[in-house]
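Have a look at the structure below, then the notes.
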Amino acid sequence: MQGGGEYSEALARQVVAVGAISYCVEAPDGLKPDVQFCFDLELPADFTPRNTDGEIDEFYLWPIAKVAEIVAETGEFKFNCNLVVIDFLLRMVSYRRSTVTISRYARVCIVDQ
């Protein structure tokens with residue numbers, strides 16, 4: 001798990017592979033294909049991540065509605081991170097009723113980056 005420090009084996013065994021997102025990025029030398037492999041992990045309420053590789057400035061504990069709002073309304077996250085968040089939101093909406101509307105987040109997928 002990148003950037004978050006040491007994790008226990010027990011916690012690591014709870015990681016669930018949920019899919020992959022394939023996409024292409026326009027680069028000066030043509031299209032660059034890439035894949036983001038997606039995993040879910042429900043963390044304990046008292047979990048505190050630690051930065052051990054210097055790549056992360058801070059960690060925030062935000063409600064999912066705030067994360068969804070940032071993805072839908074800003075460019076604060078990298079586009080490929082947005083894809084993973086959108087995938088998570090769509091899967092969670094299919095699991096339970098929510099105030100999140102799929103069309104709102106689906107349109108983020110087609111915005112020209």
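The figures follow:
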| read-out | value |
| --- | --- |
| Within region 17-59: Cβ-based charge dipole about Cα centre, in debye rounded to nearest 20 (Lys, Arg +1; Asp, Glu -1) | 160 debye |
| Sites Leu41 and Leu90 - FRET efficiency at Förster radius 22 Å, r taken between beta-carbons, to 0.05 | 0.80 |
| Cα centroid separation, region 29-75 to region 12-28 (Å) | 13 Å |
| Cβ-defined net charge surrounding Cys81, 14 Å radius [Lys, Arg +1; Asp, Glu -1] | -3 |
| Diffusion constant of region 1-59 at 20 °C, which comes from Stokes-Einstein with the Kirkwood Cα-pair radius and 1.002 mPa s, µm²/s | 152 µm²/s |
| Asp29 paired with Ala65, simple spin-label distance in nm, labels 7 Å along Cα-to-beta-carbon | 4.7 nm |
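Every number in this text was worked out from the coordinates using simple rules, so none of it is lab data. Nothing here was measured: the structure is a model prediction, and the numbers come from that model. All Cβ positions, glycine included, derive from the backbone under ideal geometry; neighbour counts span all protein chains shown.
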